[in-house]
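Asks: I'd like to ask some things about the structure below.
The values are calculated or read from the model by the stated rules, or taken from the named source; none is laboratory data. Just so we're clear, the structure is a prediction, and the values are computed from it rather than from any experiment. Don't worry about glycine lacking a Cβ; one is built from the backbone with ideal geometry, like all the others, and counts go over all protein chains shown.
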Amino acid sequence: MLFPSITFLFYFLPLFFLGYCLAPGIAAKNVFLLFASLVFYAWGEPRFVIVLIGLIALNYYAALLIGANRGVRRTRATAIAVGVNLLLLGVFKYADFAVSGLNAVLPFGLSFALPGLALPLGISFFTFHAISYLIDVHRGDVAANRSPLQVAVYIAMFPQLVAGPIVRYHTIARQLAARRMTLGRASAATRIFVIGLAQKVLIADEVARIAEAVFDRAGQPSFAEAWLGLGAYTIQIYFDFAGYSNMAIGLGLALGFSLPRNFRLPYTARSITEFWRRWHISLSQWMRDYLYIPLGGSRGSAVETYRNLWTVFVLCGLWHGANWTFIIWGVHHGFFLVIERAGLLRALERAPVALSRLYALLAIMSGWVWFRARDLDHALTFFGSLVGVHGWTDLSLSAHMVLQPVTLGAALIGAILATARIEGWRLSAYLPAPAARLLYGAADTIAIGLLFGLAVLSVAAGAYSPFLYFRF
């Protein structure tokens, strides 16, 4: 089930909130939330509900075992439990990739074959949620939760189940047992949700038409087409993922949960280091706390620090997908992080803001080529187009009917919103405070209502598409 769909917006969501608000007490609300989350997941992946339930049971009992032991036995229990989670993720997500790589090097025409394994929706996200819980218990940051219901709600809660943000257990541990719902929170939650819906439907899905035409239908795009398509994809992936994250955060807030912010204008970064403090924040912090620091972080020599950075980002690329292009994308970002940490680009710190931001944006966008390409050949062909190997000004996109005023307008608005830090007028300097608050409130209400109406019209027209991060 998709957030931007008639089924979710006008059937599932109203019925869910009615039942959730009527449920007496936190235990009843948790039962209803878990039931609704399983229905939500089963709507799109009914055959994999058993995988989700099995993973919940595994991690509930594993955490109790970890909490009951000390020393070597505690470490061994944690290692086995985390290993089983990673094994399940590996079987579903990487088995075909591993076998294809093995077949490529086997002699005498030997080969292995695996039965086709579909990828359970959101498995990368709920596996990381589970591992977060186990490690938090191992470190003593939290006690193993003896309530299977609360553990199940943490892992399976539908707002963040299939595409994040990655919520670490200690962040919402107390809210699983006690949380508040107020009209103020509901109002703020509605605003956040509608903004996310508009980001997804009105910007990401609209500019996706250009990105798809260039990447999927143009065999050898020209220089102009390649840069237009890459710019469109740069806008699309940001507003698609940020839109989903904002919808999840809004839904979580309405339920009484404080889910972490996942984006802070990442395209305004002046370096790749800063970019990763602003992009998919929940993943980068997860990688830092559960992988980079345990590897040694920056506590060793410079060479060891660079090794740790590259290791983390190679694994980050692999987490996104079982394809060499994702691994190269991770290597790409690791390379820029290493040279920035080594001080080789220190001159950019003293450079004009526009120049350092241009450097960061070009590094990010060139990385998106690896991320979006079907395979290595496709990526290399596209890089050739970016430097004019396949012509300069040919623009055959008009044949695909994608360069429409609405689409170009969405691309322009998206580019401005993604790269500019816009602050509202401070009317309080010119009007009495009560009048300024009233005017702000009225304008905000009208804007949110207009965005929701436009988004619903787009959804009703069937113009939306699945979230990009569903496939990860």
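Asks: Go through the range 161-200 and count every residue that is touching a residue at least 12 places away in the same chain (Cβ under 8 Å) and either surrounded by fewer than 19 Cβ atoms within 10 Å (Cβ to Cβ) or not aliphatic (A, V, I, L, M) (or both).
Replies: Of the residues in the range 161-200, 22 are touching a residue at least 12 places away in the same chain (Cβ under 8 Å) and either surrounded by fewer than 19 Cβ atoms within 10 Å (Cβ to Cβ) or not aliphatic (A, V, I, L, M) (or both).
Asks: Is the range 380-388 home to any residue that is surrounded by 14 or more Cβ atoms within 10 Å (Cβ to Cβ), on the phi < 0 side of the Ramachandran plot, small (Gly, Ala, Ser) and modelled with pLDDT of 85 or more?
Replies: Scanning the range 380-388 turns up at least one residue that is surrounded by 14 or more Cβ atoms within 10 Å (Cβ to Cβ), on the phi < 0 side of the Ramachandran plot, small (Gly, Ala, Ser) and modelled with pLDDT of 85 or more.
Asks: How many residues are closer than 30 Å to Ala204 by Cβ and surrounded by 12 or more Cβ atoms within 10 Å (Cβ to Cβ) if we restrict to the range 8-27?
Replies: Within the range 8-27, residues that are closer than 30 Å to Ala204 by Cβ and surrounded by 12 or more Cβ atoms within 10 Å (Cβ to Cβ) number 9.
Asks: Now for a separate question. Could you say which residue among Tyr169, Tyr133 is in contact with a Ser or Thr (Cβ under 6 Å, 6 or more places away or on another chain) and within 18 Å of Leu64 (Cα to Cα)? First the steps, then the outcome.
Replies: Values: Tyr133 fails: in contact with a Ser or Thr (Cβ under 6 Å, 6 or more places away or on another chain).
The unique qualifying residue is Tyr169.
Asks: State the number of residues belonging to the range 308-357 that are among the hydroxyl-bearing types (Ser, Thr, Tyr) and either under 22 Å from Ala98 (Cβ atoms) or without any contact (Cβ under 8 Å) to a residue 40 or more places away in the chain (or both). Let's see the steps before the verdict.
Replies: Kept after step one, since they are among the hydroxyl-bearing types (Ser, Thr, Tyr), are these residues of the range 308-357: 311, 325, 356.
The next check asks that each one be either under 22 Å from Ala98 (Cβ atoms) or without any contact (Cβ under 8 Å) to a residue 40 or more places away in the chain (or both); those that pass are 311, 325.
Summing the residues that are among the hydroxyl-bearing types (Ser, Thr, Tyr) and either under 22 Å from Ala98 (Cβ atoms) or without any contact (Cβ under 8 Å) to a residue 40 or more places away in the chain (or both) in the range 308-357 gives 2.
Asks: Looking at Leu454, Leu397, can you tell me which residue is buried (at least 16 other Cβ atoms within 10 Å of the Cβ) and either at pLDDT below 90 or touching a helix residue (DSSP H, G or I) at 6+ places or on another chain (Cβ under 8 Å) (or both)?
Replies: Step by step, each of Leu454, Leu397 is checked, and only Leu397 is buried (at least 16 other Cβ atoms within 10 Å of the Cβ) and either at pLDDT below 90 or touching a helix residue (DSSP H, G or I) at 6+ places or on another chain (Cβ under 8 Å) (or both).
Per-residue answers, yes or no, for (1) surrounded by fewer than 16 Cβ atoms within 10 Å (Cβ to Cβ); (2) closer than 28 Å to Phe467 by Cβ; (3) polar (S, T, N, Q):
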site	(1), (2), (3)
Gly44	yes, yes, no
Arg47	yes, yes, no
Gly54	yes, yes, no
Leu58	no, yes, no
Tyr61	yes, no, no
Leu65	no, no, no
Arg73	yes, no, no
Ile80	yes, no, no
Asn85	no, yes, yes
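Asks: Same structure, new question: Test each condition in (1) of a type in the set (Ser, Thr, Tyr); (2) modelled with pLDDT under 95; (3) assigned by TED's automatic domain parsing to the domain that holds Ala415 for Tyr290 and report the one that comes out false.
Replies: (3)
Asks: Answer with yes or no whether Thr305 is over 30 Å from Met157 (Cα atoms) and touching a residue at least 60 places away in the same chain (Cβ under 8 Å).
Replies: no
Asks: For residues in the range 364-420 being of a type in the set (Val, Ile, Thr) and under 21 Å from the mean Cα position of the chain (by Cα), which is farthest from Val331 (Cα to Cα)?
Replies: Thr419
Asks: Sticking with this one: If the Cβ limit is 6 Å and pairs must be 6+ apart or interchain, which residue in the range 136-156 that is at positive phi and touching a residue at least 40 places away in the same chain (Cβ under 8 Å) pairs with which residue that is surrounded by 17 or more Cβ atoms within 10 Å (Cβ to Cβ) and not aromatic (Phe, Trp, Tyr)?
Replies: As it stands, the answer is none, since no pair meets every condition given.
Asks: Condition test on Ala418, is it modelled with pLDDT of 75 or more, in a helix (DSSP H, G or I), of a type in the set (A, V, I, L, M, F, W, C) and under 21 Å from Phe263 (Cα atoms)? First the steps, then the outcome.
Replies: On the way: modelled with pLDDT of 75 or more: yes; in a helix (DSSP H, G or I): yes; of a type in the set (A, V, I, L, M, F, W, C): yes; under 21 Å from Phe263 (Cα atoms): yes.
The answer is yes for Ala418.
Asks: Name every residue in the range 214-230 that is more than 16 Å from Thr393 (Cα to Cα) and in contact (Cβ under 8 Å) with a residue 60 or more places away in the chain, in order of residue number.
Replies: Result: Phe215, Arg217.
Asks: Within the range 231-253, can you find the residues that are of a type in the set (A, V, I, L, M, F, W, C) and buried (at least 23 other Cβ atoms within 10 Å of the Cβ)?
Replies: Hits for the range 231-253 are Ala232, Ile235, Phe239, Phe241, Ala242, Met247, Ala248, Ile249, Leu251.
Asks: To continue, here is another question. Can you pull out the residues in the range 349-358 that are surrounded by fewer than 17 Cβ atoms within 10 Å (Cβ to Cβ) and in a helix (DSSP H, G or I)? Outline the logic, then answer.
Replies: Within the range 349-358, the subset surrounded by fewer than 17 Cβ atoms within 10 Å (Cβ to Cβ) is 349-355, 358.
Those that are surrounded by fewer than 17 Cβ atoms within 10 Å (Cβ to Cβ) and in a helix (DSSP H, G or I): Glu349, Arg350, Val353, Ala354, Leu355, Leu358.
Asks: A follow-up question, please. Whether any residue in the range 167-180 is modelled with pLDDT under 90, closer than 27 Å to Gly449 by Cα and part of a loop (DSSP other than H, G, I, E, B) is what I want to check.
Replies: yes
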